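Chemist: Sharing a structure here in structure tokens format.
The values are calculated or read from the model by the stated rules, or taken from the named source; none is laboratory data. Everything quoted here is computed from the prediction, not taken from an experiment. Every residue, glycine among them, receives a Cβ derived from its backbone with ideal geometry; neighbour counts consider all protein chains shown. Note: accessible area is taken over every heavy atom of the protein model, side chains too, but ligands, DNA and RNA are not part of it. Shrake-Rupley method; radii C 1.70, N 1.55, O 1.52, S 1.80 Å.
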Amino acid sequence: MQRPLADYRCLVFDCDGVVLDSNAVKTEAFRQVALPFGEAAAQAFVDYHQANGGISRYRKFEYFLQQILQVDDMQDHLPVLLDQYASAVRQGLLACAVAPGLQQLRELLPQSRWMIVSGGDEAELHDVFATRGLDVLFDGGIFGSPTPKDSILAREQASGNLQGPALFLGDSRFDHQCAEAAGLDFVFLQGWSEFHDAPSYFADKAVAQYSDIQALLEAERAQ
């Protein structure tokens, strides 16, 4: 269960659907990159992407090539698709909305350590967050793929950068699974999530749920 936010030494944020309203941006980018291979392949890829939120683009495109297209020469296609996807998604990341209440939450919790742990490309995250002036909020670091989220959490815990008690704010099944495996508390933010099975998945789990960071902040202030 979630404890008072001031009790946490560290807050871990997913990016897409939590800090940025970028899930739809990425879904459309995946669709556009896959469309040259046919409508059916593109839809199958989008379905897989939405069912596996939080997993890196590298693993998703590997699945697309191996399982949907069943190509023999995956390494010939993968770098091209990754480049096309990165080009398609960057402008959307620079233009999409930032979570309301993010700055106010940082002001409320000046002593906590904040970090991004995302399925998004790490270099892309650094570029976007610096351009948008958000990097200064995350003194614990901004981390992403190709290193998987669970490996990032384990690495940062081992280094002492991520110390408990800690809270993970996410919007996907994989976010929750990673938080649970790492021994972190978890809050599910549903407002921008594309995790369609969330109601059934969380039905038997003691997980706090809010629409967004602003709603989490308001609930904290009301206590």
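Chemist: How much FRET efficiency would the formula 1/(1 + (r/R0)^6) give for Ala208 and His126, where r is the Cβ-Cβ distance and R0 is 25 Å, rounded to 0.05?
Modeler: Calculated transfer efficiency: 0.25.
Chemist: Classify region 42-92 as rounded, prolate or oblate from the Cα gyration tensor: take a ≥ b ≥ c as the square roots of its eigenvalues, call it rounded if a/c is under 1.5, otherwise prolate when a/b beats b/c and oblate if not.
Modeler: oblate
Chemist: Taking all protein chains together and a probe of 1.4 Å, list Ile68, Ile152 from the most accessible to the least accessible.
Modeler: Ile68, Ile152
Chemist: Provide Rg over Rh for region 124-223; use the alpha carbon set for both Rg and the Kirkwood Rh (inverse mean inverse pair distance). The partial results should precede the final answer.
Modeler: Numbers: Rg = 14.5 Å, Rh = 15.0 Å.
Reported Rg/Rh (Cα atoms, Kirkwood Rh): 0.97.
Chemist: When only Cα pairs under 8 Å and 6 or more residues apart are kept, what is the percent relative contact order across the chain?
Modeler: Once normalised by length, the contact order is 31 percent.
Chemist: When the dipole is taken about the Cα centre of region 13-157, and only Lys, Arg (+1) and Asp, Glu (-1) are charged at their Cβ, what size is it in debye, to the nearest 20?
Modeler: It works out to roughly 320 debye.
Chemist: Hey, what number do you get for the chain at 222 nm if only DSSP H runs of n ≥ 4 count, each worth -39500 (n - 2.57), divided across all residues, to the nearest 500?
Modeler: Value at 222 nm, helices only: -14000 deg cm²/dmol.
Chemist: For every other residue with a beta carbon closer than 15 angstrom to the beta carbon of Ile142, add +1 if it is Lys or Arg and -1 if Asp or Glu, then tell me the sum.
Modeler: Net charge in that neighbourhood comes out at -4.
Chemist: Once you keep just the Cα pairs under 8 angstrom separated by 6 or more residues, what percentage relative contact order results for region 14-87?
Modeler: Across region 14-87, relative contact order equals 25 percent.
Chemist: Still on this structure, I have one more. Got a sec? What order do Glu28, Glu156 fall in by accessible area at 1.4 Å, biggest, i.e. largest, first?
Modeler: I get Glu28, Glu156, largest accessible area first.
Chemist: Shifting gears a bit: Using only the alpha-carbon atoms of region 59-164 as identical scatterers, what base-10 log of I(q)/I(0) does the Debye formula give at q = 0.12, 0.16, 0.18 Å⁻¹?
Modeler: -0.54, -0.86, -1.00
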